[in-house]
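**Student:** The structure under discussion is supplied below as structure tokens; questions concerning it will follow.
Laboratory data are not the source of any read-out in this text; all were calculated from the coordinates shown. In this text, all values refer to a predicted model and were calculated from it rather than measured experimentally. Neighbour counts are summed over all protein chains in view; Cβ atoms, including those assigned to glycine, are modelled from backbone coordinates with ideal geometry.
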Amino acid sequence: MRRFAPLRRVLGLFIAERGAAMALGAMLAALAILAGVALLGLSGWFITATALAGLVPAAALVFDVFMPGAGIRFLAILRTAARYGERVVAHDATLALLAGLRERLFRGHAVPGTARALAARPARLLFRLSSDVDALDAVYLRLVVPGAAAAVTALAVGGALAMLDAALGVAVALVLLATGFGLPLWLAGAAEQASRRRAAALEALRVRAVDLVAGQVALVMAGRLGAQADAMDAAEQRLAAAEDALHRLETLAGLGFGLTGAALLGGAALATAGLAEGGALSAPQAALVLLVALAALEPFAALRRGAIELGRSARAAQRLAPALDVIAPSRLPEPPLGLALRLAGLRYTPPGAAQPLFDGFDLDVAAGECVAVTGPSGAGKSSLLALLSGEAQPDAGTIAVLPHALLSQRVDLFHDTVRGNLLLARPDAEDAALWRALREAGLDGVVQALPRGLDTPLGEGGAGLSVGQQRRLALARLLLRQAPLLLLDEPTEALDAATAQGILTQIMAKRGEVAIFIIAHMRREAEWADRLIRLESGRVTGIWRRGEAGFAVALDALRPG
């Protein structure tokens, strides 16, 4: 049962966060089922008693039709109201739980190591946040709620029938509990492997479909388009085989419930016949027992789908559990007054590296200073920026930085409006602040010309804007943040000279007000700096301040851009 431990952990999380709503939903579900069973039993009793009373005129005159009729109406209304309440409460609790779980998972997946691994396979991240989370709703809606309702129904039916005959009530309750839970438990065990295979095949199909659509040009160029299509077909065939196996098992379980229901009804008929012959039961009571026995097993049949999905839910919980346990790194401390950042005794070994890249690395950047770090590829520039931004954790040493904003080589824009992409930096920003940031980034005219201005939707990755405009939108978001430290990683890479000059001019206009730490490969990025630092193999090999002779020489060694 160790494989279900993550599922129990997720269920415990559900109970801790929405335990009261979950309990209320299960109670309403049980009430709806009990009302339905009681309605059927009372209706059978009423019809039989009315028929018998009609055979004797004297009995017909004194027979009370109002109380049973009122009871039937009450149970019908109660069943409808309880079912509606259960749908509202249970589904609202489930949707709220899953929404909170997605947020928690997103935060867990956003930590540096996990985020970097999943960024290479975005389809897998999408699967985790969508299909895997959706698989967990079966735990509550298809197992907890119907299971609790079925158990309450079995006990209530057994108790009600025990008032007519103790042995009959105990026997019916034991049969209901043994077979009603026994069949779903068998089904869960038999379907576990097929359910896990179905989940794995579904993920493979989705991932390969996303890879096919997103990388079709590269696949065509490599001559692998047909192979990718064949891989999709293979995944679909595995999915179909797993679903066929699950359908067969569910059909067998349905047959088992049908046979059990028939056996229960037959046994109840024999028992009531004997009791009625002995005078222990009247004919209306016998009809009530038979109809109650007919309906009592139905709630357990609702567990079939939950039992089928249990393997998938357990697999999803197993894959999501690590992200639930992730604790986001604490915020880096701030440096002493007058500094924008301080690195002291820094030791850092990149993942998979045999030797540390930095060992005893020290660096101070003053508040308002502009520092450019240069050096060959592999010198540690990007690793240094990752450490400062919290994307990597050092082995030892101290990192202290002011609140900062990062503009990396990669521009991350979302399928949202221009406004929505800007508000990621400052959710409470008003339109005036948004337009000011766009103006400082030189993009206000472009946005004003868009059909709906700030409310113009962008495609995935900022589609609808040119590469330079996407860069400027990212810059506007950076400036909107109003952070006292800007971390820039080759901000003008792959941009034309005019666009690059515009971006650098707007950024460097903040120099003196904020500190700027820039990773530079090109002269046009480094020539704005107050101080140049050359990095090689994790060590500082040169530091030049503006105005020194070496400053110009260091600039000349860079690409002009």
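**Student:** Can you pull out the trypsin sites (Lys or Arg not before Pro) in segment 394-485 whose DSSP state is coil and whose Cβ has at most 13 other Cβ atoms within 10 Å?
**Tutor:** For trypsin sites (Lys or Arg not before Pro) across segment 394-485 that sit outside H, G, I, E and B with at most 13 neighbouring Cβ atoms in 10 Å, the list reads 410, 452.
**Student:** Can you say what percent of the DSSP beta bridges in segment 339-556, counting only those with both residues inside, are antiparallel? Round to 5. Let's see the in-between values first.
**Tutor:** On the way: 19 of 37 bridges.
Counting only bridges with both partners in segment 339-556, antiparallel ones make up about 50 percent.
**Student:** Given an 8 Å cut-off on Cα distances and at least 6 residues of separation, report the relative contact order of the chain as a percent.
**Tutor:** The normalised contact order for the chain reaches 15 percent.
**Student:** Still on this model: For segment 182-282, which trypsin sites (Lys or Arg not before Pro) are in a loop by DSSP, counting at most 16 other Cβ atoms within 10 Å?
**Tutor:** 224
**Student:** Still on this structure, please answer the following. So how far, in whole Å, is the C-alpha centre of segment 337-374 from the one of segment 237-275?
**Tutor:** Comparing the Cα centres of segment 337-374 and segment 237-275, I get a distance of 68 Å.
**Student:** Where in the chain are the DSSP H helices whose C-alpha atoms run 24 Å or more along the long axis and whose mean Kyte hydropathy is at least 0.5?
**Tutor:** Span-like helices here: 5-55, 145-162, 166-214, 225-277.
**Student:** Next question. Where a ≥ b ≥ c are the square roots of the eigenvalues of the C-alpha gyration tensor, would you call segment 378-488 rounded, which needs a/c under 1.5, or, failing that, prolate if a/b is larger than b/c, or oblate?
**Tutor:** Prolate is the answer for segment 378-488, as a/c is 1.5 or above and a/b outweighs b/c.
**Student:** Report the full-extension gain for the segment residue 362 to residue 398: residue separation times 0.36 nm, less the Cα-Cα distance, to one decimal in nm.
**Tutor:** Extending this stretch completely gives an extra 12.0 nm.
**Student:** While we're here: Let me know the whole percent of all Cα-Cα pairs from the chain that are separated by more than 32 Å. Mind showing how you got there, number by number?
**Tutor:** Numbers: 98926 of 157080 pairs.
Tail fraction, whole percent: 63.
**Student:** Then there's this: Loop only by DSSP, 10 or fewer other Cβ within 10 Å of the Cβ. Give me the GluC sites (Glu not before Pro) in segment 428-484 that pass, ordered by residue number.
**Tutor:** Passing both the DSSP loop test and the Cβ count: 430.
**Student:** What is the distance in Å between the Cα centroid of segment 485-538 and that of segment 173-207?
**Tutor:** So the separation of the two Cα centres works out to 58 Å.
**Student:** Take 103, 527 and order them by how many other Cβ atoms sit within 10 Å, fewest up front.
**Tutor:** 103, 527
**Student:** In deg cm²/dmol and to the nearest 500, what is the mean residue ellipticity at 222 nm of the chain if only DSSP H runs of at least 4 residues count, each as -39500 (n - 2.57), divided by the residue total?
**Tutor:** My calculation for the chain gives -21000 deg cm²/dmol from helical runs alone.
**Student:** Would you be so kind as to identify which of 220, 99, 43 lies farthest towards the positive end of the dipole of segment 19-324, taking Lys and Arg as +1 and Asp and Glu as -1 on Cβ and the Cα centre as origin?
**Tutor:** 220
**Student:** Pull out a ≥ b ≥ c, the square roots of the eigenvalues of the alpha-carbon gyration tensor of segment 19-324, then state rounded if a/c is under 1.5, prolate if not and a/b is larger than b/c, and oblate in the remaining case.
**Tutor:** It comes out prolate by the Cα gyration axes.
**Student:** Determine, from the Cβ-Cβ distance of residue 377 and residue 9 and an R0 of 35 Å, the FRET efficiency 1/(1 + (r/R0)^6), rounded to the nearest 0.05.
**Tutor:** 0.20
**Student:** May I pose another question? What percent does the relative contact order of segment 339-556 come to when contacts are Cα pairs within less than 8 Å and at least six residues apart?
**Tutor:** Once divided by the residue count of segment 339-556, the mean separation gives 29 percent.
**Student:** Okay, moving on. Kindly identify segment 333-424 as rounded, prolate or oblate by the Cα gyration tensor criterion: order the square roots of the eigenvalues as a ≥ b ≥ c, call it rounded if a/c is under 1.5, otherwise compare a/b with b/c, prolate if a/b is larger, else oblate.
**Tutor:** Verdict is oblate for segment 333-424.
**Student:** So for the chain: antiparallel DSSP bridges make up what percent, rounded to the nearest 5?
**Tutor:** Details: 19 of 38 bridges.
Counting DSSP beta bridges with both partners in the chain, the antiparallel share is about 50 percent.
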